[in-house]
Amino acid sequence: MASDRNTPEFALERAATRFVRVILDDSGSRVFDYGVPEGVVVSPGCRVRVPVRTRTLLGTVLEVTNYSEARGIRMVSEVLRSDAGMNPALLKLAAWMADYYCCPLELAMRAVLPQVIRKSEMTHQQRQRVRLLQLPEEEVLAALEKKAPLQAAALRALARAGEPVSVAELARATDASHAVVRSLEKKGLVRVEMERVERDPFRNEEFVSSPALELNAEQGVVFARVCAALEPQPEGTPAPKPFLLHGVTGSGKTEIYLQAIQQVLQQGRSAIMLVPEISLTPQTVERFKSRFAAQQQEVAVLHSHLSEGERHDQWHQIRSGRARIVIGARSAVFAPLEKLGLIVVDEEHEPSYKQEESPRYHGRDIAVLRGSMERCAVLLGSATPSLESFHNVKQGKYELLQIKQRVDDKKMPFIRIMDMRNESKKTGGIISSRLMTAIEQRLAKREQSILFLNRRGFSTSLLCEKCGHVCSCPNCSVSLTFHKAANRIVCHICGHLALAPSKCPECKDPGIRHQGTGTERVEEVVQKLFPKAVVKRLDADVLQRKEAFRETLAAFRTGKIDILVGTQMIAKGLHFPNVTLVGIINADMGLHIPDFRAGERTFQLLTQVAGRAGRGDVEGEVFVQSYTPFSPSIQFARHHDFEGFWDQEISFRQEWDYPPFTHMVLLSVRSPHQARGELSAQTLAKSIAEGAPAGLFIGEPASAPLEKSHGEFRFQLVLRTRTVQRLSRHLRAVLDKLKFPEDVRVSVDVDAYQLL
Ligand code: ADP
Ligand code: ZN
């Protein structure tokens, strides 16, 4: 960037004694040096406007230095409001992410600093309020009443309110318009002020304060250990070891989180509570808001359904220190809190903590990293810990805390396995006769049941009995799911949608048959079996109506629904005392897929779903329907035997050198042209092998299990390594060097979860 020697900028350049390295937004991580004008305060993480050629662009300061080797340096045009920047600790975190996850720094920074904060246009919402300065004597008011009745009314309303009132509210109460307010202002009787309005999704809700519960003995032991780690550690000592709290469902983990956060607040510090997006229900939020309501402590909530304005305001509330507790889904791990004392990750085993687009970070792992960088306590909790975390316990990296009993010694639900191979076809093979009887009993006792199936829609495919044609997606290598209510066939990968055919599109035979079962079909079958029962369904299709989730859960809680049918949406964290029966319609669904975590996921899912039963005074019962009833994941879940599951699963992982013994890195190559994609994947594999770091396992480049999606052919290459950072740097060098055809896209997923 040569600058003209006669410009005033050049004069400034010679005057500059401080420089900043700036990474530009949306420009593929390009970094440039700029001079800082005398007297301008700037620090790493600050957002700045800088000249680039003939334009000014936004960027973030990476470093402040007192020399620069760049030539023709130009000056920073403007340092934006400092509260919109990134704090230095988070800047470090972004740099680490870029390095580890092999992604451009600028992308990592985008994850850390939300887009609405980066774009400087978004501002706080303000509103005008009218403050009463002086109320005239009663006689004066009475006279005024005749001359200017609206002015008098406004004054009286303000006096009654006893506090400033917004212009809009005043107009509603008295018909006093802006003009009326202006006249009063001229007379010196009122003053118009600007007030900031928080766009808070919960602004209309009242939270009744709920006191801390008295912890039971097991909870007490755990709490004491956590508290010890919360004691501020002297400088120079290492960060406390992260905790893994393994507590069965309903063992009072959340109560411990709440009390630990309370402790942190009392120390004048702040806390983050991560929960999976799906369990960030109104119920969870309410539990937090009401616990801290008594101390007037703001709880910020971050999740993906906030409007831009809400996100902006929640972020600033956190950044300014007005909210010291943040509860949110994975990205809340980047909440710009100062003096962080604790990060809790609830349901730490949840795959949804992994971000499935670049930067493909894992929220739990980032929590652990941020904890060690900012030397704060980290508490991971789960009823079914991930193999990764439990491995870290065995390696001495995490400290294990356990709760073996449910609160008040409530029994773990009794789990029965139904062998579906022997079921008669009288219920279409969907509901076993014993599950049917069990539902019947619950209806008679006015208790509630949950039926779980992790697949939405009516049937999973439409098959022609005559010619064997299956309706499949034109863009993806999957069959189309039939949705009966909408009478559509839908692709669950790309959303492709068509009218359901009444006869075979190939041979025109009307004998078209439904294969496989979705929640919509379960709902229909159950309703037919129990015509008097109130049956409702909860899955992503129902949720197309925004309020459906809240409404259905509220109706279920108040006993207006007898049987709730749903997908994983109902598997997590929900707490209904009157549910005494849980039916798992098809436990094999996730078991027979080409993913080494299939067994782990099935064990976790069954345990979590089963945990929804018997959370009240009556013991719960769980029916698990399966065509492979003796598979280990199902048997261990049945006996609530985490240790047993762990032992057999970890030896399988060790034998194959799979995670957690190695890190799995998945390279995906996608292209609309099959041959070009395949060739690129092969080239990639060869280039990676050249000069690869020692101990790197490189798989064969092959078609992904989902061969085609969104009209693109997919190929993948699996790498396994013990040293991720070294591999990431190697990959970056390889990818920088290779030139792929325009329509070929390559992505890197470090510690991959989505293997299909
Ligand atoms: P988890 O998070 O392990 O599933 P929760 O913290 O949600 O468990 O506790 C389950 C239920 O037990 C909740 O209704 C909670 O209010 C209640 N509970 C938790 N701890 C106690 C306690 N010490 N005394 C009484 N009730 C408790
Ligand atoms: Zn599709």
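The values are calculated or read from the model by the stated rules, or taken from the named source; none is laboratory data. Please read all numbers here as calculations on a predicted model, not as lab measurements. Cβ: placed from backbone, ideal geometry, glycine included. Neighbour counts: every protein chain shown.
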**Q.** Every residue from the stretch 287-324 that is more than 17 Å from Arg199 (Cα to Cα), surrounded by fewer than 16 Cβ atoms within 10 Å (Cβ to Cβ) and of a type outside the set (A, V, I, L, M, F, W, C)
**A.** Gln295, Gln296
Q.
What pairs come out if I take residues in the stretch 392-416 that are farther than 30 Å from Glu621 by Cα and in contact (Cβ under 8 Å) with a residue 12 or more places away in the chain and pair them with residues that are in a helix (DSSP H, G or I) and within 12 Å of ligand 1 (Cβ to nearest atom) whose C-beta lies under 6 Å away, six or more apart or interchain?
A. none
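Quick one: in the stretch 525-543, which of the residues that are assigned to a strand (DSSP E or B) and among the hydrophobic types (A, V, I, L, M, F, W, C) is nearest to the chain's Cα centre (by Cα)? Give the steps one after another, and end with the answer.
Keep residues of the stretch 525-543 that are assigned to a strand (DSSP E or B), which gives 535-538.
From what's left, among the hydrophobic types (A, V, I, L, M, F, W, C): 535, 538.
Values: Val535: 29, Leu538: 19 Å.
Checked the stretch 525-543; the qualifying residue nearest to the chain's Cα centre (by Cα) is Leu538.
Quick one: in the stretch 430-463, of everything that is more than 30 Å from the chain's Cα centre (by Cα) and assigned to a loop (DSSP other than H, G, I, E, B), which residue is nearest to ligand 2 (Cβ to nearest atom)? It would help to see each step written out before you state the result.
Initial filter on the stretch 430-463 (more than 30 Å from the chain's Cα centre (by Cα)): 430-447, 461-463.
In the following step, the residues that additionally are assigned to a loop (DSSP other than H, G, I, E, B) were identified as 430-432, 446-447.
Values: Ile430: 26, Ile431: 30, Ser432: 33, Arg446: 44, Glu447: 41 Å.
Restricting to residues being more than 30 Å from the chain's Cα centre (by Cα) and assigned to a loop (DSSP other than H, G, I, E, B), the top hit is Ile430.
Of everything in the stretch 42-69, what is hydrophobic (A, V, I, L, M, F, W, C) and over 23 Å from Pro88 (Cβ atoms)? Give them in sequence order.
Initially, the stretch 42-69 is screened for residues hydrophobic (A, V, I, L, M, F, W, C), giving 42, 46, 48, 50, 52, 57-58, 61-62, 64.
Across the stretch 42-69, the qualifying residue is only Val52.
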Q: Residues being surrounded by 15 or more Cβ atoms within 10 Å (Cβ to Cβ), within 12 Å of ligand 2 (Cβ to nearest atom) and of a type in the set (A, V, I, L, M, F, W, C): count how many of those fall in the stretch 494-507.
A: 1
Q: Please state which of the following conditions Arg615 fails to meet, knowing it meets all the rest: (1) out of contact with any Gly (no Cβ under 9 Å at 6 or more places or on another chain); (2) in a loop (DSSP other than H, G, I, E, B); (3) basic (Lys, Arg).
A: (1)
Q: Output the number of residues of the stretch 693-738 satisfying the condition of being over 16 Å from Gln754 (Cα atoms) and touching a Phe, Trp or Tyr at 6+ places or on another chain (Cβ under 9 Å).
A: 6
Q) Within the stretch 632-661, restricting attention to residues that are surrounded by fewer than 20 Cβ atoms within 10 Å (Cβ to Cβ) and of a type in the set (S, T, N, Q), which residue is nearest to Ser432 (Cα to Cα)? A) Gln635
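Against the condition touching a helix residue (DSSP H, G or I) at 6+ places or on another chain (Cβ under 8 Å) and modelled with pLDDT of 95 or more, how does Phe661 come out, does it pass?
Details: touching a helix residue (DSSP H, G or I) at 6+ places or on another chain (Cβ under 8 Å): yes; modelled with pLDDT of 95 or more: yes.
Considered against the rule, which asks whether it is touching a helix residue (DSSP H, G or I) at 6+ places or on another chain (Cβ under 8 Å) and modelled with pLDDT of 95 or more, Phe661 comes out as yes.
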Q) Within the stretch 713-752, which residues are over 27 Å from the mean Cα position of the chain (by Cα), over 15 Å from Cys102 (Cβ atoms) and not in a loop (DSSP other than H, G, I, E, B)? A) Phe713, Phe715
Q: Return the only residue of Gln682, Gln716 being touching a Pro at 6+ places or on another chain (Cβ under 6 Å), polar (S, T, N, Q) and either over 18 Å from Pro594 (Cα atoms) or away from ligand 1 (no atom under 16 Å from the Cβ) (or both).
A: Gln682
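Taking the stretch 195-222 only, how many residues are more than 16 Å from ligand 1 (Cβ to nearest atom) and polar (S, T, N, Q)? Working first, answer last.
Let us first name the residues in the stretch 195-222 that are more than 16 Å from ligand 1 (Cβ to nearest atom), namely 195-206.
Those left that are additionally polar (S, T, N, Q): 204.
Number of matching residues: 1.
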Q | Contacts under 7 angstrom Cβ, first residue in the stretch 476-503 being closer than 18 Å to Glu524 by Cα, partner within 10 Å of ligand 2 (Cβ to nearest atom), 6 or more apart | A | Thr481/Val490; Thr481/His492; His483/Val490; Arg488/Leu497; Ile489/Leu480
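So, of the residues in the stretch 464-480 that are farther than 19 Å from His592 by Cα and buried (at least 20 other Cβ atoms within 10 Å of the Cβ), which turns out to be farthest from ligand 2 (Cβ to nearest atom)? Show your work before the answer.
Step one: of the stretch 464-480, the residues farther than 19 Å from His592 by Cα are 464-476, 480.
The next check asks that each one be buried (at least 20 other Cβ atoms within 10 Å of the Cβ); those that pass are 464, 471, 473, 476, 480.
Working: Cys464: 20, Cys471: 12, Cys473: 3, Cys476: 3, Leu480: 8 Å.
Here the answer is Cys464.
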Q) Would the stretch 303-319 turn up any residue that is more than 16 Å from ligand 2 (Cβ to nearest atom), touching a residue at least 60 places away in the same chain (Cβ under 8 Å), in contact with a strand residue (DSSP E or B) (Cβ under 9 Å, 6 or more places away or on another chain) and closer than 30 Å to Pro577 by Cα? A) no
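From the list Ser703, Ser747, which one is surrounded by fewer than 19 Cβ atoms within 10 Å (Cβ to Cβ), within 30 Å of Asn392 (Cα to Cα) and of a type in the set (Ser, Thr, Tyr)? Walk me through how you get there before you give the answer.
Values: Ser703 fails: within 30 Å of Asn392 (Cα to Cα).
Just one listed residue meets the conditions, Ser747.
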